[in-house]
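**Student:** The structure that follows is given in the form of structure tokens.
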Amino acid sequence: MEPIFIKKSSFAVIGKEGSTIDGNGFVETLWQSMNVDFDKIFRLVKTDEKGNTAGIWGLMSNFDRSLKPWTDFKDGLYLAGAEVELDVEPPTGWKKWIVPSAEYLGFKVENNYQDTFKKGLDYLKAHNLSLVMAVFDFHKMDENGQLYIMFPVSIVA
């Protein structure tokens, strides 16, 4: 499993926010809510040169919203949403998070999410890399709709 290397400028995501305090299945509930109400943000969503949604993101953060990893990778916040321009304001009931510019190692989820996550962490350790923010989920909205796990390894000025 080889990573892809991506350098990404600062970006914003508008979505539905929840936390591990909400109990088991809260991430799935957030995605369902985001999908049901997607029409409320559709006109705000950033698109690529082909008109596809630029990205659907599952962002994670610790409880102080500093985008640091979840406590023990078990407790924290999650935002299920879509990429928008930095200056876009979220509608009522939606949250907006801004992510700083960073370099990412992206791993394609082929079969099992947890297995890919573990292999990604093992790759970082084997290459003496560490996370500079929480790990994010990225759904590339092209003809394949591929899911990647994005491991931020350096902040870009």
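Each row is one residue, and each column tells you yes or no for (1) under 30 Å from ASP122 (Cα atoms); (2) hydroxyl-bearing (Ser, Thr, Tyr); (3) modelled with pLDDT of 95 or more.
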| position | (1), (2), (3) |
| --- | --- |
| VAL13 | yes, no, yes |
| GLY23 | yes, no, no |
| ASP37 | no, no, yes |
| VAL45 | no, no, yes |
| TRP57 | yes, no, yes |
| ASP64 | yes, no, no |
| TYR78 | yes, yes, yes |
| GLU83 | yes, no, yes |
| TRP94 | no, no, yes |
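**Student:** Out of (1) within 11 Å of the chain's Cα centre (by Cα); (2) assigned to a loop (DSSP other than H, G, I, E, B), the odd one out for ARG65 is which?
**Tutor:** (1)
**Student:** When you go through (1) surrounded by fewer than 16 Cβ atoms within 10 Å (Cβ to Cβ); (2) in contact with a Ser or Thr (Cβ under 8 Å, 6 or more places away or on another chain); (3) outside any loop (DSSP other than H, G, I, E, B) one by one for LEU79, which number turns out not to apply?
**Tutor:** Condition not satisfied by LEU79: (1).
**Student:** I'd like the full set of residues that are buried (at least 16 other Cβ atoms within 10 Å of the Cβ), more than 19 Å from THR71 (Cα to Cα) and in contact with a Ser or Thr (Cβ under 7 Å, 6 or more places away or on another chain), limited to region 104-157.
**Tutor:** PHE107, VAL109, MET141
The values are calculated or read from the model by the stated rules, or taken from the named source; none is laboratory data. Quick caveat, the model's predicted, so the values are computed rather than measured. Note that each Cβ is placed from the backbone with ideal geometry, even for glycine, and that neighbours are counted across all protein chains shown.
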